[in-house]
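The values are calculated or read from the model by the stated rules, or taken from the named source; none is laboratory data. Not measured: the values here are computed from a predicted model. Glycine gets a Cβ as well: all are built from the backbone with ideal geometry, and neighbour counts include every protein chain shown. The area values use the complete protein model at the heavy-atom level, side chains included, leaving out ligands, DNA and RNA. Shrake-Rupley method; radii C 1.70, N 1.55, O 1.52, S 1.80 Å.
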Amino acid sequence: MNWSKKLLDTPVIGGITKRIASMKINHDAMNIAEHFTQFLQPEFASNDELRDEVFRIRHNVYCEELAFEKVKAEGKEQDEFDAQSIFSMIKHKPSNTYTSCVRVVKSANETELLPIEKYCLDAIQNKELHPSNFPRHEIAEISRLAVKADFRRRKTDKFRGSAIGAINEPTYSETELRCFPFIAIGLYMAAATMSMETGVKHVYVMMEPRLARSMKFVGINFIQLGEAIDYHGLRAPYYINASIFMNNLSPGFKCLYQEIQREITNQL
């Protein structure tokens, strides 16, 4: 056990250490919110051209890089749930390049299942928060989050080759690089905005437990609904609603969310 872990586990010192860490995160988040809006822009995929860009990003990440799906001749990754989904992307302003995407899968009736219902229903062990308990139009799933490799690596990371996303360092400034680890958080915030603005009250997601723990560190507290299973890697079912999201979001990251909410709401 390292010294930082020992300090966090010490009752009095651990409490102080966590508060100091929280203050630093909030301070950093205030800066990130400013830099995020300077270099990155959330965008609602409102037409076929933008949705095709979503599918190309997903193909790049899910088919070419991770090989979760087969490479498609047309270079677009699509599935049966896209027809009942709404999409958002984040654009890198200086290069006019889309960095990432996410979708919110909705359900209008019993015939429109969410991906988690079709493929991972047995993993949901929490009966109280089971999707079958709620009206179909009030449930949704955050799905197919994808971030291009170039926007996942920071300058301080060791070089591991372009195949796994090493950044071409001269291309991006140090200030811009500080924003990139927060792209995934920005995508979840964009998805939360799309969900709330379209009447969704109960949101589900299959994600890696370590990602859920990272989200909790900034105040996005997903509720785990069951044990992790092998689904494109080790993933567990999670739940969140507007109250949980807004009540626990740390003050610093509320600034980032408000900027993303404003951008997405204006486009919806």
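What residue, of 83, 149, 123, 140, is of a type outside the set (Lys, Arg), within 23 Å of the chain's Cα centre (by Cα) and modelled with pLDDT under 90?
Every option except 149 fails the conditions.
Condition test on residue 69, is it farther than 17 Å from residue 47 by Cα, within 21 Å of the chain's Cα centre (by Cα) and open to solvent by 30 Å² or more (accessible area, probe 1.4 Å)?
So residue 69 passes the test.
Go through 259, 227 for me and flag whichever is in contact (Cβ under 8 Å) with a residue 40 or more places away in the chain, of a type in the set (D, E, K, R) and in contact with a Ser or Thr (Cβ under 8 Å, 6 or more places away or on another chain).
Result: 259 is the single residue among 259, 227 that is in contact (Cβ under 8 Å) with a residue 40 or more places away in the chain, of a type in the set (D, E, K, R) and in contact with a Ser or Thr (Cβ under 8 Å, 6 or more places away or on another chain).
I'd like the full set of residues that are without any contact (Cβ under 8 Å) to a residue 12 or more places away in the chain and closer than 19 Å to residue 79 by Cα, limited to region 113-153.
113, 118, 121
Could you please let me know if residue 62 is closer than 30 Å to residue 230 by Cα, at pLDDT below 95, open to solvent by less than 70 Å² (accessible area, probe 1.4 Å) and of a type outside the set (A, V, I, L, M, F, W, C)?
Criteria met by residue 62.
Report the residue count in region 83-112 for those that are under 19 Å from residue 197 (Cα atoms) and either of a type in the set (D, E, K, R) or touching a residue at least 60 places away in the same chain (Cβ under 8 Å) (or both).
Selection size over region 83-112: 8.
Taking region 232-268, which residues are open to solvent by 60 Å² or more (accessible area, probe 1.4 Å) and over 19 Å from residue 87 (Cα atoms)?
Passing the criteria: 232, 234, 243, 246, 247, 248, 251, 254.
Any residue at all in region 198-216 that is at pLDDT 90 or above, open to solvent by 40 Å² or more (accessible area, probe 1.4 Å) and either in a loop (DSSP other than H, G, I, E, B) or among the aromatic types (Phe, Trp, Tyr) (or both)?
Yes.
Report whether or not residue 204 is within 10 Å of the chain's Cα centre (by Cα) and touching a residue at least 40 places away in the same chain (Cβ under 8 Å). Steps first, please.
Details: within 10 Å of the chain's Cα centre (by Cα): no; touching a residue at least 40 places away in the same chain (Cβ under 8 Å): yes.
When the stated conditions are applied, residue 204 does not pass them.
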